[in-house]
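Since the structure comes first, as structure tokens, the remarks are kept for the end.
The values are calculated or read from the model by the stated rules, or taken from the named source; none is laboratory data. Everything quoted here is computed from the prediction, not taken from an experiment. Neighbour counts are summed over all protein chains in view; Cβ atoms, including those assigned to glycine, are modelled from backbone coordinates with ideal geometry. Accessible surface is based on the protein model in full, side chains and every heavy atom, while ligands, DNA and RNA are left aside. Shrake-Rupley method; radii C 1.70, N 1.55, O 1.52, S 1.80 Å.
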Amino acid sequence: ALKDITCHPDTDNEPRWDPEGTHLCYVTRRNGSQDIYIVDLATLEETPIATEEYNEDYPSYSKDGSEICFTGGPRGYREVQVYNFASKEIRTLTRGYGYVGSTNFRPDGKRIVFHAYYDNSYLSGKSDVFTVSSEGGEVTNITNDRDNWDYKPNWSFDGDWITFSSKRDTENFNLYVMRADGSDLHAVTRV
């Protein structure tokens, strides 16, 4: 049977399971901007974890459940962020990417894949896929295709492959797969 988990009149979206399947992290607009919350599925108790006045988006758990990565920051300074459950602190991993999109931990928790839009705008239709250490540091551009829209990357379960959507060969989005270093890139769909 269908069950309303968050029971709130404002928009709640982008749910992601924790590794044990007992909680969800999600995005909510109940405070005027997009925030990251967690809900305990047994009690339906909700806990806010990222509630700055600017938007937070695209949450994703680490495989061990100790952290959540997400994007956050004011427009023009939207970066990769990580919330640590033990310290209850948020650390910023990237600087100067302006408009970062979705984030996702590699299964071993050591790297995060994300996409960032060029011209500081979703409307640019131009973005690349990058990786960064989950502790921060040097960022690696793995698609290097500045003229196309490469976005919403995810790691494979073994951490060897990354999937993403792109308009690089057609006017529609298609799915692509590549090795974690950007090699062996090929289309999975051709729409």
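Every listed requirement among (1) touching a Leu at 6+ places or on another chain (Cβ under 9 Å); (2) modelled with pLDDT of 95 or more; (3) aliphatic (A, V, I, L, M); (4) farther than 26 Å from GLY125 by Cα is met by ILE5 save one, (2). Working only within segment 145-171, note down all residues that are assigned to a loop (DSSP other than H, G, I, E, B), open to solvent by 80 Å² or more (accessible area, probe 1.4 Å) and within 15 Å of GLY125 (Cα to Cα). Listed by number, the residues that qualify are ARG146, ASP147, ASP169, GLU171. Within segment 123-144, restricting attention to residues that are in a loop (DSSP other than H, G, I, E, B) and β-branched (Val, Ile, Thr), the residue that is nearest to GLU89 (Cα to Cα) is ILE142. Based on what the data block shows, is SER60 part of a strand (DSSP E or B), out of contact with any Asp or Glu (no Cβ under 8 Å at 6 or more places or on another chain), without any contact (Cβ under 8 Å) to a residue 60 or more places away in the chain and under 25 Å from GLU138 (Cβ atoms)? Yes. Of everything in segment 105-148 that is touching a Lys or Arg at 6+ places or on another chain (Cβ under 9 Å) and of a type in the set (Phe, Trp, Tyr), the residue that is nearest to PHE70 (Cα to Cα) is PHE105. Pairing residues of segment 9-22 that are more than 16 Å from LEU44 (Cα to Cα) with residues that are of a type in the set (Phe, Trp, Tyr) and in a strand (DSSP E or B), at Cβ distances under 7 Å and at least 6 apart in sequence or on separate chains, gives GLU14/TYR26; GLU14/TYR58; PRO19/TYR61. Within segment 22-49, restricting attention to residues that are in a loop (DSSP other than H, G, I, E, B) and either hydrophobic (A, V, I, L, M, F, W, C) or touching a Leu at 6+ places or on another chain (Cβ under 8 Å) (or both), which residue is most open to solvent (accessible area, probe 1.4 Å)? Going through the qualifying residues, I end up with ALA42.
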